[in-house]
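The values are calculated or read from the model by the stated rules, or taken from the named source; none is laboratory data. Only a predicted model underlies this, so the values are computations on that prediction, with no experimental measurement involved. Here the Cβ positions follow ideal geometry from the backbone for every residue, glycine too, while neighbour counts run over all protein chains shown.
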Amino acid sequence: MKSHLEKFRQGPSHGLRMSRRASSKVRSHNGTTFQHNTPVITSPPPSVCRPRSGDSTWIRDAVFEIRADSHRSADTHLFRVNMPAFQRHGVDFYLKDESSHPTGSLKHRLARSLFMYGLVSNMIHEDTELFEASSGSTAVSEAYFARMLGLQFTAVMSKTVSEEKIRAIQFYGGKCHLVESASMASSEAERLASECGGYFFNQFRNAEKATDWRGNNNIAETIFTQMEKERSSEPAWIVVSAGTGGTSATIGRYLRYQNASTKLCVADPENSVFYNAWCTGDRTLTLKSGSLVEGIGRPRVEESFLPQLVDEMYKVPDVCTFAMMRKINSLLGRKVGGSTGTNCFAALQIMCNMVAKGERGSVVSLICDSGERYAHTYYCDDWMAAKGFNLDPHSERIDKIVNSARWYS
Ligand SMILES: Cc1ncc(COP(=O)(O)O)c(C=O)c1O
């Protein structure tokens with residue numbers, strides 16, 4: 001990576017050099033100069049993992065490079081969805097369009113956080129090979145940042161991942177290593193990384209750690225800022241789904257940190273253990289089969305999923321997810337991905353409950369990624385038929401619910 005950020009580095013690097021001296025004069029914030037004694041260690045204990053020489057400059061440049069890219073980004077748009085039947089009852093529905101990130105999904109935020117976490121933890125270096133287990137979206141975003149830093153990146157994914165995601169990863173110079181099923185991806189990525197001394201991002205473990213839940217323009221903070229001028233500015237509900245569980249953990253923590261009265265709902269697809277784990281408190285649950293909704297629903301309770309932060313969960317049948325995607329397409333004039341359908345179906349249920357109880361307020365959810373990534377699956381009639389789905393009755397039911405603001409089972 002080219003060091004073109006010299007001017008930014010002058011400030012921080014003085015501090016760094018000073019702290020390396022055994023003893024140095026430091027000026028405190030009130031202007032007093034005092035002696036700072038740093039213990040001198042002549043030979044480090046053998047087990048200590050030390051920074052490698054020359055790395056600090058590269059890491060500093062890499063951190064600046066990613067921060068500069070983030071600075072160039074605009075916020076993602078928050079749409080108010082046109083649903084007159086609900087609006088008449090004082091219930092407004094919003095969708096934050098996370099598909100408009102440079103790499104097309106909400107995973108752009110996570111990938112940036114995972115890179116930052118690896119860099120500032122001194123785990124990613126100039127020559128580190130990078131690996132991730134992914135259903136595709138995170139890997140596309142990680143490939144983007146890897147190319148930015150000139151690092152090699154390999155995505156380990158189930159062979160069922162969409163062709164569009166594979167092409168996007170390859171576009172950014174990433175490699176794709178396909179395994180039989182999603183449940184094998186993490187162990188395989190870990191194995192590949194340890195074989196070559198590389199770094200395994202491990203989004204399913206690290207998502208909740210790497211993301212800044214206090215603010216720093218995280219997804220929760222930007223929702224609250226963008227809602228400021230709405231008639232119900234503090235959302236009654238935020239509805240998301242869970243892959244790593246990182247998004248729900250960040251929002252759940254932020255709500256408590258801000259003392260907001262907003263409730264958090266997580267929508268779970270079929271073939272996922274999150275809902276059952278939330279109901280029973282059992283984190284050991286596993287499943288053999290994987291979720292059909294790419295990016296969400298897992299066969300085991302991932303470490304980043306924190307059920308104690310979730311106020312409500314809904315299990316959404318896949319057929320309702322797919323019918324809801326089409327409804328959102330007709331309401332917004334844009335194609336959305338599968339997990340957005342899952343989110344919106346759960347949000348619809350919440351909005352109907354609010355109307356039934358006479359509650360007014362706003363409900364916010366996410367467009368996680370765009371439908372363009374699923375042209376060969378969810379938006380392909382042959383694929384739907386091959387999987388045995390008939391969406392028509394479900395689309396009719398959703399129309400009826402949206403037009404009446406009443407829930408029909
Ligand atoms: C398309 C899509 N939507 C939603 C999610 C869920 O986000 P999180 O991993 O933060 O739980 C993912 C996760 O991979 C995803 O790929």
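Just a few scattered comments:
- Qualifying positions in the range 299-317 - near the ligand (Cβ under 9 Å from one of its atoms) and closer than 22 Å to residue 344 by Cα: 305
- Residue match in the range 250-258 (condition: away from the ligand (no atom under 16 Å from the Cβ), free of Cβ contacts under 8 Å to residues at least 12 places away in the same chain and assigned to a loop (DSSP other than H, G, I, E, B)): no
- Any hit, the range 296-318, residues being farther than 21 Å from residue 206 by Cβ and in contact with a His (Cβ under 7 Å, 6 or more places away or on another chain): no
- Residue count, the range 363-384 (criterion: buried (at least 24 other Cβ atoms within 10 Å of the Cβ), in a strand (DSSP E or B) and within 12 Å of the ligand (Cβ to nearest atom)): 4
- Restricted to the range 122-151, and to residues there that are within 16 Å of the ligand (Cβ to nearest atom) and in a loop (DSSP other than H, G, I, E, B), the residue that is surrounded by the most Cβ atoms within 10 Å (Cβ to Cβ) is 134.
- Remark: pairs (first residue in the range 307-325, over 18 Å from residue 292 (Cα atoms); second residue of a type outside the set (Lys, Arg) and assigned to a loop (DSSP other than H, G, I, E, B); Cβ separation under 7 Å; 6+ apart in sequence or on different chains) are absent.
- Screening residue 201 on (1) crowded, with 18+ Cβ neighbours inside 10 Å; (2) more than 18 Å from the chain's Cα centre (by Cα) shows it passes everything except condition (2).
- Of the listed requirements (1) closer than 19 Å to residue 377 by Cβ; (2) surrounded by fewer than 23 Cβ atoms within 10 Å (Cβ to Cβ); (3) away from the ligand (no atom under 14 Å from the Cβ), residue 320 misses just one: (2).
Conditions tested, residue by residue: (1) among the charged types (D, E, K, R); (2) within 21 Å of residue 124 (Cβ to Cβ); (3) in contact with a Gly (Cβ under 9 Å, 6 or more places away or on another chain).
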site: 158; (1), (2), (3): no, no, yes
site: 162; (1), (2), (3): no, no, yes
site: 169; (1), (2), (3): no, yes, yes
site: 180; (1), (2), (3): yes, no, no
site: 188; (1), (2), (3): yes, yes, no
site: 192; (1), (2), (3): no, yes, yes
site: 195; (1), (2), (3): yes, yes, no
site: 201; (1), (2), (3): no, yes, yes
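- Residues (crowded, with 19+ Cβ neighbours inside 10 Å and of a type in the set (Asp, Glu)) located in the range 204-236: 208, 221
Rundown of residues vs (1) modelled with pLDDT of 95 or more; (2) surrounded by 17 or more Cβ atoms within 10 Å (Cβ to Cβ); (3) within 30 Å of residue 370 (Cα to Cα), yes/no style:
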position	(1), (2), (3)
45	no, no, no
53	no, no, no
59	yes, yes, no
69	yes, no, yes
76	yes, yes, yes
83	yes, yes, yes
90	yes, no, yes
